[in-house]
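Here's the structure we're looking at; comments come further down.
Values quoted throughout were computed directly from the atomic coordinates according to the rules given, and no laboratory measurement underlies them. Source: prediction; values computed, not measured. With ideal geometry, Cβ positions are generated from the backbone for all residues, glycine too; neighbour counts draw on all protein chains shown.
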Amino acid sequence: MPVNDRLSLESYPGSPRGQKTEAVPVSPVFWMWPDFLSGQLERPVRVLLVDDNHARRLVSKDLALDQRILVAGETGSLSEARRLLSQHEFDVLILDIRLDGGSGFELIEHAKRRSRTLEVIVNSSLEDEHHILHAFELGASGYLVKNSWQHHFAQAVLQVVNGGAAISPCLARRLLLKLADEHHPPLMKPRVAQAIEEPLSARECEVLRLVAAGNVTHEIAQALSISGQTVCAHIKSIYRKLRVHTRAHAVVEASSRGLL
């Protein structure tokens, strides 16, 4: 493995070495984290970072502060990322679109073919609607814009593994401002801007608005006084009507149609 690449699974139960790292003080925020959510002290969320050295250091430093998350692998190479994904299990992939040896879109497709449950967060300086929509179409659940001071990578990771979506605030605001202008050209392709054959119900729109606000399943259930199972049923119906496969893509798709 190249010097700048790292695989650190020894602190995770069931790792190749089967060893645990030395105990460290538990952050107070962890004690307020519900035990039914992903990201527990005994089973942290395993993250693979794929980006250049500088970006990986910044993201890794932020994630290391949260004990609910384990940076289990790092690399800047597309080929090495493919190897890591083939040999180890990860919960979240954070990657740039521009990678050494190819496109990040290729890696998203490869990763989603290997595991439908793997969540993907794009962390890129490319912030045009074409790249954002394409990432969501391939199965990404988050899109963060680089060089934004509003980043909170740990929050983004925990959101996507618990059924939410992660979009940079600056990007979300820009999309909303564009949608507010009735005379602005559609964000998406003409086929996307067309009305859906089966409209969303009032409750489905409520669920989607809460998803867009960053709420996860149990928070939506509490807000609407319904069960988590009912929330999942509504989201499944939303996917079918909008012809999407992730919550983030559903939010972008619904926004382009003026449903939010």
Next on the checklist: Give me, ordered by chain and number, the residues 5 or more places off TYR143 or on other chains with an amide H under 5 Å from its own placed amide H.
Outcome noted: VAL122, ALA166, ILE167, SER168
Item to check | ³J(HN,Hα) computed for each position of segment 138-145 - Karplus, 6.51 cos²θ - 1.76 cosθ + 1.60, integer Hz, glycine/proline x | outcome: 7, x, 5, 10, x, 9, 10, 8
Checklist entry - In what sequence do ARG82, ARG113, ARG203 fall when counting other Cβ within 10 Å, fewest first? => result ARG113, ARG203, ARG82
